[in-house]
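For reference, the structure I am asking about is given below.
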Amino acid sequence: MKTSNLIVEKKKLAYGIHMFWIENELVANNAKAGQFVIFRIHENGERIPLTIAGVKDGTFRVIVKAVGKSTYELCRFEKGDKIIDIVGPLGQPSEIKNYGNVLVIGGGVGIATIIPIVKELKNHRNRVDVILAARNKDYFVLEEEFKEVDNLYFVTNDGSRGMKGYAHEMMEKLLKKKKYDISWAIGPSLMMKACSEVAKKYDLKIWVSLNAIMVDGTGMCGGCRVRISDELKYTCVDGPEFDGRLVDWESFNTRLIQYKEEEKLALEKYLEKVGEPTWL
Amino acid sequence: MAVKDRIPPIERDPQKRAKDFFEVSLGYDEERAVLEAQRCLQCSIPTCVKGCPVGIDIPGFIKQIAQKNFEEAYKILKDYNSLPAVCGRVCPQEIQCEGACILNKAGKPISIGNLERFAADWASKNNVEDEIQIDKNQNKKIAVIGSGPSGLTTSAELAKKGYTVDLFEVFHTPGGVLVYGIPEFRLPKDIVKKEVSFLEKLGVNIILNIPVGFAIHPQEILENYDAVFIGVGAGTPKFMNIDGTELNGVYSANEFLTRINLMKAYKFPQTDTPIKFAKKVVVIGGGNTAMDAARSALRLGAEVTIVYRRSENEMPARKEEIHHAKEEGVKFLTLTQPVRYIGRNGKLIAIECVKMKLGEPDESGRRKPIPIEGSNFIIETELAIEAIGTQSNKFLLSQFKGLELNKWGYIKADEFGRTSIPKVFAGGDIVTGAATVILAMGAGKKAAYAIDQFLK
Ligand SMILES: Cc1cc2nc3c(=O)[nH]c(=O)nc-3n(C[C@H](O)[C@H](O)[C@H](O)COP(=O)(O)OP(=O)(O)OC[C@H]3O[C@@H](n4cnc5c(N)ncnc54)[C@H](O)[C@@H]3O)c2cc1C
Ligand SMILES: Cc1cc2nc3c(=O)[nH]c(=O)nc-3n(C[C@H](O)[C@H](O)[C@H](O)COP(=O)(O)OP(=O)(O)OC[C@H]3O[C@@H](n4cnc5c(N)ncnc54)[C@H](O)[C@@H]3O)c2cc1C
Ligand code: SF4
Ligand code: SF4
Ligand code: FES
């Protein structure tokens, strides 16, 4: 088994969004749509969960958005560098079968993470409509990988491409005219929440992928807990995908900012050390 | 003749040690060890041995210490227990070996744990090499899942018998609870490292970062190996699940301790994993895990209160840990039960508690705590750490279809770890529920024996 964790390809897709192909056959050969890995990038590193966004010949892909110290640092890694620890695949795979009409919504880096789900849905002969949402036209990363979908819609917050506005607005527009059997929405939690509200209104099942703060990823720490229709669930083992209509979004969103002060400090210290993050 | 008092181990000053993560007890020096060993009556029918789950020849090794044959003492220990430096430190001796020592009648049992630790530390300091004796190659392959004390023991025993052993661990560091749960100040991680390097010398392949069940499927394991040992621990934390459990500032002890021990969050921002440093911390529970969490929080600079619903007599933690916690300044609020977390802007600010009284003994034999109506009161705190126990971790089990579980969700296995699948053995917390290091090791040893029998 080749599990060298070597970066065999690296590409900047947009400002602060970087793609890595990494050699690890165990992950590549076992990964299913919807699953994730956890990285540790050096001896003092934290555990960073990342969605598996594709596999190919014993390698797998992640798309990383730089949001804080660890992801800034990771985006600096180049082809030939090694990730010291990679564990995965983790989490429950997406429930893919032949549903009929499916709507999939990807926002921000979520655009990359829905690729394996869309592919699998197509393999199961679904009709798949996709909404891609981003801040502006420069963030439609990997757009060419959506060629096989039935209808592709673009939404930008600034109107530089497709509809001006938000993903959930486009979603509602579609739902008014067309019936879907199931949907997925993956992206920033505010987007997932808004889409879940629309889904609820139209009585549509919606899967969202929760990016809770994790430590082990094996159900051992309880840090990734989230309230799903009044039950505590662990995102890493029960999820990461849940029915968005049942998620307690308020507590989920506050748990995401638990370490706001610490994260700010860590990034400041890091930038003091390395200077301007010109590589982003 | 009056029985002499036990010789106390050397311990660091509580004020000083409560500010760092270095080891609290320094154990015995040679002089103290010999004096303590000489107190042992060398009973012809030693009751102490019955109290030890692995039946160590206690008078035997103590006699060697009394005669200053420290290396010999170590070798005797090693015959029974591959981790004497660990067990000497963390076994609940007062209910095991020491609890069964005849001298309890005079109230002064032999400090068996400290003597065991002394012999192990002495051997380590004096570079006594463990004999590596490996039987002839059996040409059979065993998969061991989980590198806690049960997995480490099974691996070592089977490697010695000449089997090829692949030991899989999902974490980036081997050792299980010994590395992520029990803090450095109670069990220095170098001791675990040394044990792991011994396994490597025995030829065990330690393969880290492998979530068995996900990266390798149970079916694959069953096809590729002649036998399998599962020692994945109990692991999943329970919450009281009272109002506000999802507030920021509410931790499980497992998370709090993992951040500190495994991820070294106490060095943040030199290390990347954050932890909340708080002025006031409440820890809920009365076991070893609660004591470890409380004493860790104290070392991060907090004022710490342990809240426990029964009285101190019923606390399941080792007496020594309770004593150490008190010395260091942890406050105890017993007969108290939290009923609700109170938050502001998503952050914990206080806990509403109710006072309890003890009623009739329940099925555990301990007196049942009953809430006193109208006694509710509020404790202000920034952090709450729940240490109320764990339940069966379904991480592997959810993938291992066909393996029979008992009604509590743990793996059904007999005394030798045999499960409902002929090739598959299991032991440690995932069979018994949360227990002890020595029981997990004992289970690992028995399973290794049974696997050897099965393959012959
Ligand atoms: C299942 C899962 C899949 C994910 N997939 C991707 C992905 O494909 N691409 C991607 O760019 N990001 C992904 N993330 C998020 C990514 O893990 C975080 O952005 C990253 O850990 C932030 O670390 P940081 O030090 O750069 O930022 P920080 O400054 O530490 O934090 C910035 C924000 O990231 C989140 N975060 C911080 N630590 C963690 C942690 N240990 N686990 C999860 N979130 C954390 C918090 O909400 C925080 O506010 C995923 C998260 C999860 C749980
Ligand atoms: C904080 C704390 C303090 C304690 N203090 C004491 C004490 O003082 N004295 C005492 O005797 N006992 C103590 N205990 C209990 C003792 O540590 C446990 O009973 C013992 O560690 C159980 O050993 P184990 O081998 O069954 O499992 P564990 O030590 O839990 O190890 C299981 C290992 O399996 C790994 N694993 C799980 N799933 C998978 C998978 N699918 N693939 C690969 N690897 C996997 C885990 O990552 C872990 O490393 C304490 C426990 C805790 C939590
Ligand atoms: S292994 Fe534990 S119980 Fe047995 S003698 Fe040593 S300290 Fe006592
Ligand atoms: S019972 Fe006590 S005194 Fe007797 S042999 Fe054991 S340790 Fe020594
Ligand atoms: S990350 Fe620890 S339980 Fe999910």
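The values are calculated or read from the model by the stated rules, or taken from the named source; none is laboratory data. Nothing here was measured: the structure is a model prediction, and the numbers come from that model. Using ideal geometry, Cβ is built from the backbone for each residue, glycine included, and neighbour counts are taken over all protein chains shown. These area figures cover heavy atoms from the full protein model, side chains too; ligands, DNA and RNA do not enter into them. Shrake-Rupley method; radii C 1.70, N 1.55, O 1.52, S 1.80 Å.
Show me the GluC sites (Glu not before Pro) within the range B:380-456 that DSSP assigns to loop and that have at most 12 other Cβ atoms within 10 Å of their Cβ.
Loop-located and lightly packed - B:404, B:415.
What is the P(r) of the range A:21-141, as percent of Cα-Cα pairs per 5 Å bin from 0?
Taking every Cα pair in the range A:21-141, the percentages come to 2, 11, 18, 22, 20, 14, 8, 4, 1, 0.
At a cut-off of 40 Å², which residues of the range A:257-280 become less accessible once all protein chains are present than in their chain alone, using a 1.4 Å probe?
So the qualifying set is A:258, A:259, A:262.
Roughly what would the spin-label model give for residue A:257 and residue B:420, points 7 Å off Cα along C-beta, in nm?
According to this spin-label approximation, the distance is 4.8 nm.
Roughly speaking, what % of Cα-Cα pairs in chain B are separated by over 35 Å, rounded to a whole number?
Tail of P(r) above 35 Å: 34 percent of Cα pairs.
Grab the other residues whose beta carbon is less than 11 angstrom from that of residue A:59, score K and R as +1, D and E as -1, and report the net.
-1
Taking the square root of 5 times each eigenvalue of the Cα gyration tensor, what semi-axes in Å does the equivalent ellipsoid of the range B:48-115 have, largest first?
Ellipsoid semi-axes (Å, largest first): 18, 14, 10.
Now for a separate question. For the protein assembly as shown, what class follows from the C-alpha gyration tensor (a ≥ b ≥ c being the square roots of its eigenvalues): rounded when a/c is under 1.5, otherwise prolate if a/b is larger than b/c, else oblate?
Verdict is prolate for the protein assembly as shown.
Next up: When the accessible area of each residue in the range B:270-290 is compared between its chain alone and the complete protein assembly (1.4 Å probe; ligands, DNA and RNA ignored), which residues differ by at least 10 Å², being lower in the assembly?
Residues passing the criterion (a loss of at least 10 Å², heavy atoms only) are B:270, B:271, B:272, B:273, B:274, B:275, B:276.
Apply the Karplus curve 6.51 cos²θ - 1.76 cosθ + 1.60, θ = phi - 60°, to the phi angles in the range B:243-252 and return the couplings in whole Hz, x for Gly and Pro.
3, x, 4, 8, 5, 5, x, 9, 10, 8
How much length is gained if the chain between residue B:217 and residue B:373 is pulled fully straight, taking 0.36 nm per residue apart and subtracting their Cα-Cα distance, in nm to one decimal?
Fully extending the segment from residue B:217 to residue B:373 adds 50.9 nm.
How large a share of the accessible area of the protein assembly as shown, in percent, is made up of carbon and sulfur atoms when the probe is 1.4 Å and the other protein chains stay in place?
The nonpolar share, carbon plus sulfur, comes to 50 percent.
Right, next: Starting from the 7 Å offset along Cα-to-Cβ, what nm value, one decimal, do you get for the label separation of residue B:340 and residue B:95?
Taking the simple label geometry, residue B:340 and residue B:95 are separated by 3.5 nm.
Further question on the same structure: Could you calculate the contour length gain from residue B:241 to residue B:327, that is, 0.36 nm times the residue separation minus the distance between their Cα atoms, to one decimal place in nm?
Here the segment from residue B:241 to residue B:327 would lengthen by 27.8 nm.
Taking loop as defined by DSSP and a crowding limit of 11 other beta carbons within 10 Å, which trypsin sites (Lys or Arg not before Pro) in the range A:68-138 fit?
A:97, A:125
Further question: Taking R0 as 30 Å, what FRET efficiency do you get between residue A:243 and residue A:160 from their Cβ-Cβ distance, rounded to the nearest 0.05?
It comes to 0.35.
Just need log10 I(q)/I(0) for the range B:132-224 at q = 0.24 Å⁻¹, Debye formula, equal scatterers on the alpha-carbon atoms, no solvent, rounded to two decimals.
Taking Cα atoms of the range B:132-224 as identical point scatterers yields -1.21.
Turning to a different aspect of this structure: For chain B, what's the relative contact order in percent, using C-alpha pairs closer than 8 Å and at least 6 residues apart?
16 percent
Using the Cβ atoms and a cut-off under 13 Å, what net charge is assigned to the surroundings of residue B:354, where Lys and Arg are +1 and Asp and Glu are -1?
Neighbourhood net charge equals +2.
I'd like the Kirkwood hydrodynamic radius of the range A:6-90, using the inverse of the mean 1/r over distinct C-alpha pairs, in Å.
Hydrodynamic radius (Kirkwood, Cα pairs) of the range A:6-90 is 12.6 Å.
Would you mind giving the total buried accessible surface between chains A and B, with a 1.4 Å probe and ligands, DNA and RNA left out, rounded to the nearest 100 Å²?
Result for this pair: about 3700 Å² buried.
Also: On average, how many beta carbons from a partner chain sit within 10 Å of the beta carbon of a residue in A:84-92?
4
Accessible area per residue for the range B:1-92 in Å², computed with a 1.4 Å probe and the full protein assembly in place, what is it?
Counting only protein heavy atoms, the per-residue value for the range B:1-92 is 51 Å².
What shape does the range A:144-183 take by its C-alpha gyration tensor, where a ≥ b ≥ c are the square roots of the eigenvalues and a/c under 1.5 counts as rounded, a/b above b/c as prolate, and the rest as oblate?
oblate
Students often check this: by mean Cβ neighbours within 10 Å, which of B:339-352, B:67-80 ranks highest, and how do the rest follow?
Highest mean packing first, the order is B:67-80, B:339-352.
Report Rg(Cα)/(2.2 N^0.38 Å) for chain A, keeping two decimals.
Output field value: 0.97.
Taking each pair of distinct Cα atoms in the range A:101-256 once, what is the resulting Kirkwood hydrodynamic radius in Å?
Over the range A:101-256, the inverse of the mean reciprocal pair distance is 15.8 Å.
Now for a separate question. Could you sort the residues of the range B:382-402 by number and keep only those whose accessible area is reduced by 40 Å² or more in the all-protein-chain setting relative to the chain alone, 1.4 Å probe?
B:395
Same structure again: The range B:201-254 to the range B:285-311: how many Å between their Cα centroids?
The range B:201-254 and the range B:285-311 have Cα centres spaced 25 Å from each other.
At 1.4 Å probe radius, can you tell me the per residue accessible area of chain A in Å²?
On a per-residue basis, chain A sits at 43 Å².
Considering only DSSP states other than H, G, I, E and B, which chymotrypsin sites (Phe, Trp or Tyr not before Pro) in the range B:381-456 qualify as loop sites with at most 13 other Cβ atoms within 10 Å?
B:408
If you don't mind, another one. Determine the sum of side-chain charges near residue B:226: Lys and Arg each +1, Asp and Glu each -1, restricted to other residues whose C-beta is under 13 angstrom from that of residue B:226.
Around residue B:226, the surrounding residues sum to +2.
Further, regarding this structure: Calculate the mean, over all residues of peptide A:242-251, of how many other protein chain Cβ atoms lie within 10 angstrom of the residue's Cβ.
Neighbouring Cβ atoms belonging to other protein chains average 1 per residue here.
Now for a separate question. What shape does the range A:114-187 have by the C-alpha gyration tensor, where a ≥ b ≥ c are the square roots of the eigenvalues, rounded means a/c under 1.5, and otherwise prolate means a/b greater than b/c and oblate the rest?
oblate
Which value, in debye to the nearest 20, describes the size of the charge dipole of the protein assembly as shown about its Cα centre when Lys and Arg Cβ atoms bear +1, Asp and Glu Cβ atoms bear -1, and nothing else is charged?
960 debye
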